[in-house]
Every structure is written in C-alpha cells, then in structure tokens.
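**Q** First, the structure itself, so that you have it in front of you.
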Amino acid sequence: MTKKVLVLAALVASVSARSALAQDQRVEASVTVGWTFSDGVSGQSVLAGDGKIYDRLDPKDSFRWGLDVGVYTTENVQVGFMWNQQMSALVANGPAAERELGDMNVNQYHGYFAYNMGDSDAKIRPYFLFGLGATQFGTVDIDPVCCPGTRLTTKSNAQFSTTWGAGVKMMGGPHVGARAGIMWTPTYIKTDASGYWCDPYWGCYLVGDAQYSNAWDFGGGIIFKF
C-alpha cells in the first residue's frame, strides 16, 4: 500500500512540475529568416529619359530577416511585437520595360495577437496570427537616366499595414525549438479616384479605388522560451 502511495505521489509531483514549468515559460522570442514576394502599385504612364514607358513601382522580391517577442496570456493566446526587414530594391515597370532604380530596405512593425493550438508542452503546435502596425519603405538613391553624374534620393515613407500568418512550431526541448510559416502583409499606399456614386437623398460623391502593396513571406527560424 505504501509503495502504491509513493508511486502515485511521484506521478502527481511529476505532472505538477511539468504544469508549473509550462506556466512559467510565458515569454517566447524568435529569430526568423525568409523570402518575400512583393508587388507595388500602378500609376500614370511616364515616358522616361531612356525612351521607355513606365506605369508602376514595385519592391523587388528578396531575402528578409526579423525578430519577434510574445507573451502567453493563457495556454493558447499570445500577444507580442514583431519586426521584419526586407533587403529589397525599388523597381520601375512598364508594358515592355523594367528598371531597378536603387536599393531599398522595407521595415515592418506590427503588434500581434496569436492563437497556438494544442497544449503548452506539446512538441508540435500549429498557430495563427493577426497584427496591426506599419510598413516603412526606406530611402532610395537613384541615378537618373537623363543626367549622368547626378543623384536623386527619395524620402522614406511609412504606411498603415496589417499582417496575417499561419504556421507550425516544433519544440525540440523545453527552451529551444523551430518554426515555419507564411505571412501576408497588405500595406495601404494610395486611393485613385474611380468615379462618382450618386444617391437621390445624399447626392453625389467621388469614390476611389484603394491600392495596396502586398508582401507574401515564406520563412522560418529558431524559438527560445523562457
């Protein structure tokens, strides 16, 4: 009888220790890398100094890296902040033309809410996240085609953006693991006038067509829990 009680007590202590450990490890930090596929926005056609017509600007698809830190408010719910930097370039495109204007870093800053499926000590946990914040397009040094020896520098510009993500976390131990996932980040850029909307009571209003720069990121990284 005494032996059975001792075995039962040991099992209870083991489960309690694991639960306490899981509860104490509320902070999770990640270092991630990935590849981002980007698109920009269209505009009026412009005849450039090289004799070609351009009508849109796009960030170049490129490598990115980032950091994020989150805190578990419950076993499954996590809130945090993430920063990603895409080492890109600004590209002018036209019906039959493409020209890389210069290097451009794209920084994303988002506070996020995530839901992690499964128990806190599970080895594999799928997750979903949603974030609000801003995307900052860095300065670009441009050598104009028309004027050799001169250089133009565009201003840095930050715009409101959201981010949506899903993936899986894989823990190799209580403190270190890995993650892989996909994120979509649409960034508002501008609104083009597209016509008028008229109502017999309210009258007529100018309506617009919003344009967004979209970034699709595929990546992964290392997780640290403490």
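The values are calculated or read from the model by the stated rules, or taken from the named source; none is laboratory data. The model shown is predicted, which means the values in this text are computed figures rather than measured ones. Here the Cβ positions follow ideal geometry from the backbone for every residue, glycine too, while neighbour counts run over all protein chains shown.
**Q** From the list Q136, Q108, pick out the single residue that is outside any loop (DSSP other than H, G, I, E, B), at pLDDT 90 or above and closer than 20 Å to I222 by Cβ.
**A** The unique qualifying residue is Q108.
**Q** Is it true that some residue in region 143-159 is at pLDDT 95 or above, surrounded by fewer than 18 Cβ atoms within 10 Å (Cβ to Cβ) and outside any loop (DSSP other than H, G, I, E, B)?
**A** Yes, region 143-159 contains at least one residue that is at pLDDT 95 or above, surrounded by fewer than 18 Cβ atoms within 10 Å (Cβ to Cβ) and outside any loop (DSSP other than H, G, I, E, B).
**Q** Output the residue which, of all residues in region 74-112 that are hydroxyl-bearing (S, T, Y) and touching a residue at least 40 places away in the same chain (Cβ under 8 Å), is farthest from D50 (Cα to Cα).
**A** Among those residues, the one meeting the criterion is Y112.
**Q** Please return the ranges of strands (runs of 3 or more DSSP E) entirely within region 38-101 where 2 or more residues are surrounded by 14 or more Cβ atoms within 10 Å (Cβ to Cβ), in contact with a strand residue (DSSP E or B) (Cβ under 9 Å, 6 or more places away or on another chain) and among the polar types (S, T, N, Q).
**A** Where strands (runs of 3 or more DSSP E) fall fully within region 38-101 and carry at least 2 residues being surrounded by 14 or more Cβ atoms within 10 Å (Cβ to Cβ), in contact with a strand residue (DSSP E or B) (Cβ under 9 Å, 6 or more places away or on another chain) and among the polar types (S, T, N, Q), they are 77-94.
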